[in-house]
Amino acid sequence: MRRNLMRVATALLLAGLAAPAVAQAQADFPRQPIRMVVTFPPGGSTDAVIRMLLPRLNEKLGQPVVVDNRPGAGGNIGLALVAKAPPDGYTLGVGAAGALSANSSLYAQMPFDPQKDFQPVTLLAGIPFVLVGHPSLPARTLKDLVAAAKAQPGTLSIAHGGNGTAMHLSAALFAQMADAKLVEVPYKGSGPAAMDVMAGNAPLGIVDLPSALQQIKAGKLRAYAVTSGTRLPQLPDVPTVAEAGLPGYESTGWFGVVAPAGTPAAIVNRLNAEITAALKDEQIQASMRNLGVEPSPSRPEAFDAYIRAEARKWAKVIQSASIRIDQ
């Protein structure tokens, strides 16, 4: 009995001694470089946004933030590294809608649990898409397009940026809400999909803004609607899908920063404060919008709620469309 009491007393003493050391470590954060695992290859919009933020983050944090590009498996490869990292704030992940919300419904097996293995830090940006068509299509409006698709089910094809991508899911959601049977055609990225629509090889496409903006302005692509909840400043005369005939439709790609689960709140809040401050910088915002992405800083709890809501939304779409990704 006495021995047990001594063990308890020793444990309490050690805990009491350790607590100030842990608190001091959090207060001094960061004391070494921070690894930022980006789940996309160099040169893409996600990677470009992170590199825009680096100079300001390096200055404000007082330590270098080092980008580690780990693409593959829809973002699962990179985020699996983050999930297994120590929860000390020195390994962060930049994940997108797929890996953080949809992949659990797309893949038979996942190397992590998106809602249990990460601590959300902040949403970084939203990526709106555009529903485009070849100018030769008789349908002039979204309502005309839906009517044509219903009149001839299974004859209209719609190109998108690849199986399991946010563009693919946006196309599936559009077909479901329009109650129309479309032939969904995957491409290796948004650019090739937009090019094939422009060439007339695919009548329709859901593509990202950078892939289509100049062609829309040149009259080489017809923009039926944008998939976001609000109109885009780059295309102010193009309605949203919801405005054009499918109320309630909204779909955007997005990406944000997460830390391993268990990362102390003080560290998460410090990271959130510095990253969101950088996202609110007017020059950075202008540069991001030139890439076709919309700055979307958020609090950690808001980003967590958003991830969970997106997971529920896309699980229903994926199940209804019977979409699966074979690893």
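The values are calculated or read from the model by the stated rules, or taken from the named source; none is laboratory data. Not measured: the values here are computed from a predicted model. Counting neighbours? That spans all protein chains shown, and the Cβs are built from the backbone with ideal geometry, glycine included.
Observations on the model:
- Those helices (runs of 4 or more DSSP H) lying entirely in the range 37-133 with at least 3 residues over 21 Å from residue 295 (Cβ atoms) and in the same structural domain as residue 284 (by TED's automatic domain parsing): 76-83, 103-106
- Between 244, 261, the distinction of being at pLDDT 95 or above and over 29 Å from residue 219 (Cβ atoms) belongs to 261 only.
- Pairs, first free of Cβ contacts under 8 Å to residues at least 40 places away in the same chain in the range 277-303, second buried (at least 18 other Cβ atoms within 10 Å of the Cβ) and not small (Gly, Ala, Ser), C-beta under 7 Å, six or more apart: 280/297; 285/295
- Residues satisfying the stated conditions in the range 242-264, i.e. farther than 24 Å from residue 311 by Cα and of a type in the set (A, V, I, L, M, F, W, C): 244
- Residue match in the range 41-49 (condition: surrounded by 14 or more Cβ atoms within 10 Å (Cβ to Cβ), of a type in the set (Ser, Thr, Tyr) and at pLDDT 95 or above): no
- Output for the range 210-247, where each listed residue is of a type in the set (Lys, Arg) and closer than 12 Å to residue 131 by Cα: 222
- The residue of the range 273-327 that is surrounded by the most Cβ atoms within 10 Å (Cβ to Cβ), among those that are of a type in the set (Val, Ile, Thr) and not in a loop (DSSP other than H, G, I, E, B), is 275.
- When residues of the range 176-194 are limited to those that are more than 17 Å from residue 144 (Cα to Cα) and touching a helix residue (DSSP H, G or I) at 6+ places or on another chain (Cβ under 6 Å), the one surrounded by the fewest Cβ atoms within 10 Å (Cβ to Cβ): 191
- Remark: pairs (first residue in the range 238-266, closer than 26 Å to residue 173 by Cα; second residue of a type in the set (D, E, K, R) and not in a loop (DSSP other than H, G, I, E, B); Cβ separation under 6 Å; 6+ apart in sequence or on different chains) = 245/143.
- Search result, residues across the range 97-113 that are under 20 Å from residue 268 (Cβ atoms) and either of a type in the set (S, T, N, Q) or surrounded by fewer than 24 Cβ atoms within 10 Å (Cβ to Cβ) (or both): 101, 112, 113
- Within the range 157-272, helices (runs of 4 or more DSSP H) holding 1 or more residues that are under 17 Å from the mean Cα position of the chain (by Cα): 166-178, 190-198, 209-217
- Of all the criteria given as (1) among the hydrophobic types (A, V, I, L, M, F, W, C); (2) over 24 Å from residue 316 (Cα atoms); (3) at pLDDT 95 or above, the one not satisfied by residue 232 is (3).
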